[in-house]
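Just below is one structure, and these are the notes that go with it.
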Amino acid sequence: MIVTKSYEDSCQRAAELIEAAVLANPQAKLGLATGGTPLPIYRRLIEDCKAGKISFAKVRTVNLDEYCGLNGSNTQSYRWFMDHNLFNEIDIDKTNTYVPSGLGDLAANCREVDKKVRENGVPELQLLGIGNNGHIGFNEAADLLHTETHIEQLTESTIAANARFFDKSEDVPTQAITMGLSSILAAKSIVLVATGAAKAAAIRGLLCNDEVTTQNPSTFLKLHPNATVIIDAALATAAGYEN
Ligand code: PGA
C-alpha cells in the first residue's frame, strides 16, 4: 500500500515498478490495462524508453479486456488505445503484444485469451485500474464473478463512466470481453493505481476492512500475496484510509 502526494507521483511509482520488473527480467511478461488512469504511467515508460533507460524489445504483454463490437482500428478500441498510447512509441515487438478481440466468435475469443495467458506464462506484473464500482478488468460488481475470460454485460455505472471517451452516448459499448479473476490473480505481482473521489467507495472496500465480496471485485486482491495499491493523499482521505 502506497499513499503518494499526488496522482502524478502515483504514476511515477507505478512506472518505476514496471521498469524494475523489466530490468530484472528483460523478457518479462506484463499484464496491461487501459482507461484514463494508466495514461501518465505509459507516458513515463515512453519517455524512459526514448531516453534509452529501458528496453521493451523482449517484453511480452497481454491486455485485460476489449469492448465487444469494436475493430482494433476503431479509435475507441483498446487495441487502438494500446498501440497509440504505448506500443507505437516504445521498442516493443508488436507481435509480442496481445489484446483480446471483441469481434466474431466471442466464445472462441475467450478461449483464445486463456490459451494465450497459459502459453505466455505467468506475468511478472499485472497493472490494474479500478472501476467506480470496484471492477478490475471488466469484472463487474455482481452476485457471481467468473474465474475465466468471459463476456461481461457492463453495468450502468461503468457505461456512464466510459461515456466520457465517446462523442455520443449511444456509441458506448455495453459488453466487453474480459479476463476473469483467476488470470488476474495469477500474476506474480499486481500494481493497482487509483485516483479521484469517484473511486473512494471502491477503495474503502479494498483498503479499510478485511472483507472479500463479489460486490467489489477489487477486494479479491486481498488474497494476493504481492499486490500493491497506489493512491494519492486526496483519495486516501476521501476513502477514509488511515496510513
Ligand atoms: P479509469 O478506468 O482509469 O478510466 O478510471 C479504470 C477502470 O475502469 O478499470
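Please work out if R60 is within 16 Å of the ligand (Cβ to nearest atom) and either modelled with pLDDT under 95 or open to solvent by 10 Å² or more (accessible area, probe 1.4 Å) (or both). No.
Beta carbons closer than 9 Å, at least 6 apart along the sequence or on distinct chains, pair a first residue in segment 9-21 that is more than 16 Å from A233 (Cα to Cα) with a second that is among the basic types (K, R) and open to solvent by 50 Å² or more (accessible area, probe 1.4 Å) for A15/R43; E19/K53; A21/K188.
When segment 119-148 is filtered for residues that are in a loop (DSSP other than H, G, I, E, B), more than 12 Å from the ligand (Cβ to nearest atom) and closer than 27 Å to P26 by Cα, the ones remaining, listed by number, are G121, V122, P123, E124. Restricting A194, A233, A239, A202 to residues that are surrounded by fewer than 21 Cβ atoms within 10 Å (Cβ to Cβ) and out of contact with any Phe, Trp or Tyr (no Cβ under 8 Å at 6 or more places or on another chain) narrows the list to A233. The condition (being touching a residue at least 60 places away in the same chain (Cβ under 8 Å) and either assigned to a helix (DSSP H, G or I) or basic (K, R) (or both)) is satisfied by just one residue among S218, S182, S157: S218.
Annotation: D114 fulfils all but one of (1) outside any loop (DSSP other than H, G, I, E, B); (2) of a type outside the set (A, V, I, L, M, F, W, C); (3) surrounded by fewer than 20 Cβ atoms within 10 Å (Cβ to Cβ); (4) within 12 Å of the ligand (Cβ to nearest atom); the unmet one is (4).
Kindly indicate the residue of segment 138-165 that is within 30 Å of D9 (Cβ to Cβ) and among the hydrophobic types (A, V, I, L, M, F, W, C) and also most open to solvent (accessible area, probe 1.4 Å) among those meeting that condition. Among them, the one singled out is F165.
Every residue, every condition in (1) farther than 19 Å from T37 by Cβ; (2) among the β-branched types (V, I, T); (3) surrounded by fewer than 16 Cβ atoms within 10 Å (Cβ to Cβ), yes or no:
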position	(1), (2), (3)
S73	yes, no, yes
F81	no, no, no
N88	yes, no, yes
D93	yes, no, yes
L106	yes, no, no
C110	yes, no, no
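The set of residues from segment 175-191 being more than 22 Å from Y67 (Cβ to Cβ) and open to solvent by less than 10 Å² (accessible area, probe 1.4 Å) comprises A187, I190, V191.
Against the definition (farther than 16 Å from T37 by Cα, outside any strand (DSSP E or B), open to solvent by 30 Å² or more (accessible area, probe 1.4 Å) and touching a helix residue (DSSP H, G or I) at 6+ places or on another chain (Cβ under 7 Å)), how does E170 come out, yes or no? In short, no.
Scanning segment 196-243 for residues that are closer than 25 Å to M179 by Cα and of a type in the set (S, T, N, Q) yields T213, T214, Q215, N216, S218, T219, N226, T228. Pull up segment 221-230, narrow it to residues that are out of contact with any strand residue (DSSP E or B) (no Cβ under 9 Å at 6 or more places or on another chain) and touching a residue at least 12 places away in the same chain (Cβ under 8 Å), then point me to the one that is most open to solvent (accessible area, probe 1.4 Å). It comes out as L223. The sole residue among G36, G31, G52 that is part of a loop (DSSP other than H, G, I, E, B) and open to solvent by less than 50 Å² (accessible area, probe 1.4 Å) is G36.
The values are calculated or read from the model by the stated rules, or taken from the named source; none is laboratory data. Please read these numbers as outputs of a predicted model, since none were measured by experiment. Because the Cβ atoms are built from the backbone with ideal geometry, glycine has one as well, and the counts that use them run over all protein chains shown. Just so you know, the surface numbers come from the protein's heavy atoms only, side chains and all, with ligands and any DNA or RNA stripped out. Shrake-Rupley method; radii C 1.70, N 1.55, O 1.52, S 1.80 Å.
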